[in-house]
Amino acid sequence: MENWDDLKFVLAMMRHGTMSAAARYLNTNVATVSRRLERMALSLDTPLFEKRGQNFVATEAARRLSALAEEVDQKLRAELSSLHAGDFSAPVPLELAAPPAVHAHYLVPRLTALSEHLPHVLLTLTDKVFAQGLGEADIQIRIGRPEGGRLKARKFRDYALRVFHAEDKPLGNEWIGLSHRYPDSDYLTRIHPAAQQMPRYRVEEMPMLYEAVRATGLPGLLPDFMVVEGDGLVQADLPDNGLPDELWITYHETRHGDVTLRAVVDWLCRTST
């Protein structure tokens, strides 16, 4: 294979799922993505992606090549970081993916402290609700411990989803839920059986749900780390009001020797309580 650069197009398709999304990430156009994938498929004499309806499905060859490209990508990032190990004047960009609630109520309030501790780190925060892999991120905070794959994982913190409502408003049967793209969108009814079958409102992300509960006083199922003293919310007086879960912080195993990445992970875990 002469055109090693084509591997990044396979990896982008695996990460993003469509040619248009891959093209946006690679700062090119769909025609170029299609041409480069076709060139690689011809050179290998095997198909990489099969069109099924509106979607592209990766073949075994594409999955194996993308795994190779992923490892090369992560090793390259680690090597570039190690070139400046100990040189705190050289900026090191890192991308951290996490659910919006973690960003809003944990990471964003601590950005200044992190910058003071590691001033050379240029951090990009990316929303990722569902834990479908690192993607372009260097570090990911995700719900639940990863199973399989080549990821290093550390417990970030325990939490529970609990029903909260306004402290000056009695618990009623109307409520606010997340959109149906979340698997736990209607879990509130498990804890609050008297709640109506359908919510009064649906919103797209957990931070918006938190703000909607505060604004309306209606109950909503929120991570307990989001609710703090003085925000006007109380935990509903319901038996077994809590669905326990865990947040884990992960990164590719090839980055374990990356001094800067490890320093960020250590600081985040150390200050997670």
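A short reminder: the numbers here are calculations on the coordinates, not readings from a lab. The shown structure was predicted, so the numbers you read here are calculated from the model rather than taken from an experiment. Every residue, glycine as well, gets a Cβ built from its backbone with ideal geometry; the counts of neighbours run over all protein chains shown.
Report, to two decimal places, the Cα Rg of the chain normalised by 2.2 N^0.38 Å (N = number of residues). Walk me through the intermediate numbers first.
Numbers: Rg = 21.9 Å, N = 273, 2.2 N^0.38 = 18.5 Å.
The chain yields a ratio of 1.18.
Want the number for D240 to T28: 0.36 nm per residue separation, take away the alpha-carbon distance, what's left?
On the way: separation 212, 0.36 × 212 = 76.32 nm, distance 5.17 nm.
Net length gain for the segment: 71.1 nm.
Could you list E167, E95 in order of exposure, starting from the residue whose Cβ has the fewest other Cβ atoms within 10 Å?
Details: E167 11, E95 17.
In order of increasing Cβ crowding within 10 Å: E167, E95.
Would you mind calculating the gained length between Q196 and D266 on full extension (0.36 nm times residue separation, minus the Cα-Cα distance), in nm to one decimal?
Values: separation 70, 0.36 × 70 = 25.20 nm, distance 4.38 nm.
Full extension from Q196 to D266 adds 20.8 nm.
Along the stretch 249-258, what does the Karplus equation 6.51 cos²θ - 1.76 cosθ + 1.60 (θ = phi - 60°) give for ³J(HN,Hα), rounded to whole Hz, x for Gly and Pro?
Whole-Hz 3J(HN,Hα) from phi for the stretch 249-258: 10, 10, 7, 5, 4, 5, 9, 5, x, 6.
Evaluate the relative contact order of the chain (contact order divided by residue number), counting alpha-carbon pairs under 8 angstrom at least 6 apart; express in whole percent. Present the calculation step by step, with values, prior to reporting the outcome.
Working: 425 pairs, mean separation 56.9, N = 273.
Averaging sequence separation for qualifying contacts and normalising by length gives 21 percent for the chain.
Taking the Cα centre of the stretch 15-103 as origin and charging only Cβ (+1 Lys, Arg; -1 Asp, Glu), how large is the dipole, in debye to the nearest 20?
Working: 11 positive and 10 negative charges, 78 e Å.
Approximately 380 debye in magnitude.
Would you mind classifying the stretch 1-85 by shape? Square roots of the alpha carbon gyration tensor eigenvalues, ordered a ≥ b ≥ c; an a/c under 1.5 is rounded, otherwise it is prolate if a/b is larger than b/c and oblate if not. Don't skip to the answer; put the middle values down first.
Details: a/c = 1.98, a/b = 1.63, b/c = 1.21.
Prolate shape, in that a/c is at least 1.5 and a/b is the bigger ratio.
Identify, among H180, A215, G133, the residue whose Cα sits farthest towards the positive end of the charge dipole of the stretch 129-221, taking +1 on the Cβ of Lys and Arg and -1 on the Cβ of Asp and Glu, with the dipole about the Cα centre.
G133
Straight distance only, please: which lysines reach the Cα of K75 with their own Cα at less than 18 Å, same-chain residues fewer than 8 apart left out?
K75 reaches K8, K152.
Taking the Kirkwood radius as the inverse of the mean 1/r across Cα pairs, report the Rg/Rh of the stretch 142-273.
Working: Rg = 17.4 Å, Rh = 16.3 Å.
For the stretch 142-273, the value is 1.06.
Could you calculate the FRET efficiency of V57 with W4 from 1/(1 + (r/R0)^6), where r is the beta carbon distance between them and R0 is 25 Å, rounded to 0.05?
Rounded to the nearest 0.05, the efficiency is 0.55.
So, counting K/R as plus one and D/E as minus one, what does the shell of residues with Cβ under 12 Å around P244 add up to? Mind dumping the intermediate values first?
Details: positive: R157, R162; negative: D158, D224, D240, D245, E246.
Taking every other residue near P244 into account, the sum is -3.
Any chance you could run the full-extension gain for A215 through V72? It's 0.36 nm times the residue separation minus the Cα-Cα distance, nm to one decimal. If you can, show how the numbers build up before the last one.
Details: separation 143, 0.36 × 143 = 51.48 nm, distance 4.79 nm.
Contour length minus the Cα-Cα distance gives 46.7 nm.
Round to the nearest 0.05 the FRET efficiency obtained for S115 and D158 when R0 = 22 Å and r is the Cβ-Cβ distance.
Details: r = 27 Å, r/R0 = 1.23.
For R0 = 22 Å, the calculated efficiency reads 0.20.
Once you sort the root eigenvalues of the Cα gyration tensor of the stretch 90-134 as a ≥ b ≥ c, which label holds: rounded (a/c under 1.5), prolate (a/b larger than b/c) or oblate (the other case)? Please report the intermediate quantities before stating the final value.
On the way: a/c = 3.83, a/b = 1.49, b/c = 2.58.
Note, shape of the stretch 90-134 comes out oblate.
Using the basic label-point model (7 angstrom from Cα toward the beta carbon), what is the R64 to R150 distance in nanometres?
1.5 nm
Count the DSSP beta bridges whose two residues both fall in the chain, then state the antiparallel fraction as a percent rounded to the nearest 5. All intermediate terms of the calculation are to be shown ahead of the outcome.
On the way: 25 of 38 bridges.
Antiparallel: roughly 65 percent of the beta bridges in the chain.
Ranking K51, K8, K128 by Cβ neighbours within 10 Å, fewest first, what do you get? Mind dumping the intermediate values first?
Numbers: K51 8, K8 17, K128 20.
Sorted ascending by nearby Cβ count, the order is K51, K8, K128.
State the answer as a single residue: which of G17, A41, L151 lies farthest towards the positive end of the charge dipole of the chain, with beta carbon charges of +1 for Lys and Arg and -1 for Asp and Glu, about the Cα centre.
Going by the Cα projections, it comes out as A41.
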